[in-house]
1. Looking at the range A:83-99 only, could you name the residues that are within 9 Å of chain B (Cβ to nearest Cβ) and touching a residue at least 40 places away in the same chain (Cβ under 8 Å)?
2. Could you count how many residues in the range A:212-256 are touching a strand residue (DSSP E or B) at 6+ places or on another chain (Cβ under 6 Å), within 19 Å of residue A:150 (Cβ to Cβ) and assigned to a loop (DSSP other than H, G, I, E, B)?
3. Restricting to the range B:10-42, give me the number of residues that are touching a helix residue (DSSP H, G or I) at 6+ places or on another chain (Cβ under 8 Å), away from chain A (no Cβ under 12 Å) and surrounded by fewer than 18 Cβ atoms within 10 Å (Cβ to Cβ).
4. With respect to residue B:367, is the statement that it is without any contact (Cβ under 8 Å) to a residue 12 or more places away in the chain, more than 29 Å from the chain's Cα centre (by Cα) and either surrounded by 22 or more Cβ atoms within 10 Å (Cβ to Cβ) or on the phi > 0 side of the Ramachandran plot (or both) true?
5. With the structure loaded, tell me whether residue A:26 is without any contact (Cβ under 8 Å) to a residue 24 or more places away in the chain and either surrounded by fewer than 23 Cβ atoms within 10 Å (Cβ to Cβ) or more than 10 Å from chain B (Cβ to nearest Cβ) (or both) or whether it fails that test.
6. Evaluate the following for residue A:167: is it surrounded by fewer than 17 Cβ atoms within 10 Å (Cβ to Cβ) and within 23 Å of residue A:97 (Cα to Cα)?
7. How many of the residues making up the range B:424-442 are surrounded by 19 or more Cβ atoms within 10 Å (Cβ to Cβ) and over 11 Å from residue B:393 (Cα atoms)?
8. Inspect the range B:44-54 for any residue being within 12 Å of chain A (Cβ to nearest Cβ) and either free of Cβ contacts under 8 Å to residues at least 40 places away in the same chain or surrounded by 15 or more Cβ atoms within 10 Å (Cβ to Cβ) (or both) and give the result as yes or no.
């Protein structure tokens, strides 16, 4: 409760109330350093909604959401199961409080579960008994790595982690990634934000499009490819909205 | 423009104003639909009679329920609706402005009350999640601690505490007639292996051993434990018979004998095992472990590389020996050690010339304890020195008493252990006792075994020499059975020899080989006499033996024939008041 936490900070920036004072303070400070920073969270979340709805449309019924955070607004399981009730969703988060909260919310849902796991320990996730029990890896699965890989330092080799996570996926499975990216016009603000994140357990690492593409080995990009999150199959009703300054980049890719 | 189109347009604008200050998850289209619906209700309320401001309250609550739920969203909503609703939707009613104010006031109330409930519920949920996470963490920690308490850190096998618990559980749940077995395995010379391979490799060896034993134990469902260091244990419940444990131990020892591969080197191990197998009734976990360790000790003592089974008799014997040793100091302080006296007879005239004082101990619980047992225990613990002094004092006082009572002076012959002679204060102690008791040195004989004076140049000869100079008589006990060297017999400060009883064997056979005692005995007696040493024969049981020895010129004799070791009261009557021993002594 004394250290700001990525999951709770994200919840607050989306307007949620499942967070503590430290989390709100951090987000407010971030907003001051980079006005419109919270917009990035909204855009990211909106993308999650659009991409999951799209995945359901193309036939995916199994989702592995890694770095799922606090499961409130715009949940993967709510979106997926609203479109296709038989959809199964397995949430993975590193924070025990987020996991406990998820578990409480998912009680009674036979097709949605949560486990505690660290994206850096890929094998422990993929071979976890709960994961193996809920998801059938002989059928396509969508692995969601939204807003999580930018918390993994280079030393942990995120591309290799992605490879490990996707190794046992069958062809026709999907991978979704959103990632914070350097924006030349905002480099000073981004540096300030990165410095602010150093005071939390999760350090922030911006990566370029090329670096993110390198994580997609063995996958082919789905149109429109690796773009700003707000440009990925945008909601036509939102076309008139002013574009936010700093948003992550996003891609949905299909396993060959 | 149609009313519905205006509503849709305003709803779209409203949705755009909300974007960025509140996250509505369902997509812009759905948001717009919801807001359009809300606008319709507001319009209806504005133009209906009677006017019900309460519609605004409900709208406020519904907005929050629809995920329009941030403070800024409320602000923008009121701002938008108060500024544009009437104009954009072309509401034309005389009281519209007032009514709209009322509705928006109610909307704000409904919105904030609902938001308050949402926030409180969310806070409770997150706090609950925090508590659950904390509790789970505590449980996980507790489990890890429990595991660590019960498992060896190196091999992760159950540890000693775990084994004891397992054994106790089996014993508690056992049916009548059940049996249980335990085998404790110890690697032979493991410290040598450790020294030559180093600590890290040694740990690897232990892990390898753990694996090997696991593979042995698991197929049979046996319980394998690592008791620490290089000691392991296999426990078996409901054993059919003693053999079951022997087989398990044998299998384990054989597996460990196969060369073990470590970093390209071949290592040869061997192990010893102690087995115990017994009925579950009447035993405890601690008993089992202790018994297995006792058997392990026996296996190790017997060269190692083998198993030994627990044996009650052997264990009882050793336990008794330990108990005796432990009881000795108190026994000495309590005066439990006494002397029995055996007559020494001069063969020439059957006269009683002396007595050998023999240590006796009657323990209150164990009963009479043989000197063979307690003397060696006393030597092991060093108690022989104070014990020896106490017994010497007792013997001298008794001798003085006899003299005072009967006027007769006997030679008192007392045994001296190696430790006593080697004790630097030996001479001083003995002379002290003589002075205190008033017994003359010339009437004291000390019997020393051959091993006590090994060579004439040793320091071990210093004390005997000094004692001899003071007038004390020294005799070699059990002569001819130890390390004596005839070469320097002449130079030792001794006055006599006592021939061991075994020299009497074979005397009665009609046929005899040249090497029989019939040949040796006379030679020994002649040799001793020629060296100026008196000869005492021990263990005379038959009159024929006495006669034979008398014929051979043996000086003194001792044995059951002449009298068993007895209390002083039995000796007293044998002494006369005339001051001389009986001429003819028969017992």
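Since every read-out is calculated from the coordinates, none of them should be taken as a lab result. In this text, all values refer to a predicted model and were calculated from it rather than measured experimentally. Note: ideal-geometry Cβ built from the backbone for every residue, glycine included; neighbour counts use all protein chains shown.
1. Here is the first cut: in the range A:83-99, the residues within 9 Å of chain B (Cβ to nearest Cβ) are A:95-99.
Result: A:95, A:97, A:98.
2. The qualifying residues number 4.
3. So the count comes out to 2.
4. yes
5. Values: without any contact (Cβ under 8 Å) to a residue 24 or more places away in the chain: no; either surrounded by fewer than 23 Cβ atoms within 10 Å (Cβ to Cβ) or more than 10 Å from chain B (Cβ to nearest Cβ) (or both): yes.
Judged against the criteria, residue A:26 is not a match.
6. Details: surrounded by fewer than 17 Cβ atoms within 10 Å (Cβ to Cβ): yes; within 23 Å of residue A:97 (Cα to Cα): no.
Answer is no for this residue.
7. Qualifying residue count, the range B:424-442: 2.
8. Let us first name the residues in the range B:44-54 that are within 12 Å of chain A (Cβ to nearest Cβ), namely none.
No - not one qualifying residue is present in the range B:44-54.
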